[in-house]
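Following this message is one structure expressed as structure tokens.
The values are calculated or read from the model by the stated rules, or taken from the named source; none is laboratory data. A quick note: this is a predicted structure, and the numbers were derived from the prediction, not measured. Every residue, glycine among them, receives a Cβ derived from its backbone with ideal geometry; neighbour counts consider all protein chains shown. Areas reflect the complete protein model, heavy atoms only, side chains present, ligands, DNA and RNA absent. Shrake-Rupley method; radii C 1.70, N 1.55, O 1.52, S 1.80 Å.
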Amino acid sequence: MIKPGSDRNEGSSAADARRWNARYQQEGQDWLLRQPHQLLLDTLPHLPRRGIALDAAAGVGRDSRGLAAHGLQVVAADISLVALRLNQRRARSLSLPISCVNADMSNFRLSPGSCDVIVNFYFLERAALPMYRSALKPGGWLIFETFVTGFDDLPHPDYYLQPGELRAAFPGWETVSRTQEMIPPTEGHGLRAVERWVARKPAG
Ligand SMILES: C[S@@+](CC[C@H](N)C(=O)[O-])C[C@H]1O[C@@H](n2cnc3c(N)ncnc32)[C@H](O)[C@@H]1O
């Protein structure tokens, strides 16, 4: 069963849900073919094999499946019901422990200290960052990969991290690995970079 999130904010989030639902109706089967992101595959050997992982803006669950196959109980949250249905159907067929939650990450809450791992791939909702800080247990893992701007004028600056913004949002967290890769301009996009950051919440 896909659980509804709380306090779903209508307006721009409803428009986002419609836009992503339409996209997944068209492309969902292709998205399902994708393997977990390389950053997750590289980090998995270091992650605990028991506990709770949040896949934030999980889409059809490429990373949810990687985390669940590793042994974690996964909460896959996304605003798109179409994506969540695909995610859930695939998880059931593989008998993987993935709970799908229809949620707007701008107001989604998890209990403080309830998560061992949070992954955030190709999604940026700044209002969710305080929840990531509190929901992870001490020593918990944050795996974050998304676009960074600051190199060129881009059409939707809010969708991109500013250089240095991510680490500033998690002061005192231990950097396990951090890389940036420049992405050449394409039609509709100026020069941007991808930031990959694996960090751990301070233990004490
Ligand atoms: C580029 S996709 C990334 C999906 C997945 N993390 C991946 O890397 O394959 C962005 C995802 O964010 C979801 N999304 C957009 N706005 C959201 C919001 N406010 N709350 C939760 N999910 C949202 C979309 O439905 C979509 O699945």
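Please compute the length gained on full extension between A169 and R34, using 0.36 nm multiplied by the number of residues separating them and subtracting their Cα-Cα distance.
Extending this stretch completely gives an extra 45.6 nm.
Same structure again: In whole Hz, what ³J(HN,Hα) sequence does segment 91-106 give by Karplus (6.51, -1.76, 1.60; θ = phi - 60°), x for Gly and Pro?
Values per residue, Gly and Pro as x: 4, 5, 5, 9, 6, 9, x, 10, 9, 9, 10, 7, 9, 8, 5, 6 Hz.
Oh, and also: If you roll a 1.4 angstrom probe over the protein chains with everything in place, what fraction of the accessible area of segment 86-195 belongs to carbon and sulfur, to the nearest %?
Roughly 53 percent, rounded to a whole number.
Return one whole number: the accessible area per residue of the chain in Å², for a 1.4 Å probe.
With the other protein chains kept in place, the chain gives 49 Å² per residue.
Something else now. Net charge near G140, counting Lys/Arg +1 and Asp/Glu -1 over other residues with Cβ under 15 Å of its Cβ? Don't jump to the answer; show the numbers that get you there.
Numbers: positive: R49, R50, R133, K137, R200, K201; negative: D55, D116, E174.
Residues near G140 contribute +3 overall.
Let me ask something else about it. May I ask for the net charge around G113, where only other residues with Cβ less than 12 Å from the Cβ of G113 are counted and Lys, Arg are +1 while Asp, Glu are -1?
Cβ neighbours under 12 Å give a net charge of +2.
Something else now. Compute log10 of I(q)/I(0) for the chain with the Debye formula, placing one identical point scatterer on every Cα and leaving out solvent, at q = 0.11, 0.14 Å⁻¹, to two decimals.
Ignoring solvent entirely, the Cα scatterers give -0.49, -0.83.
Post the alpha-carbon centroid distance, segment 104-123 to segment 43-76, in whole angstrom.
12 Å
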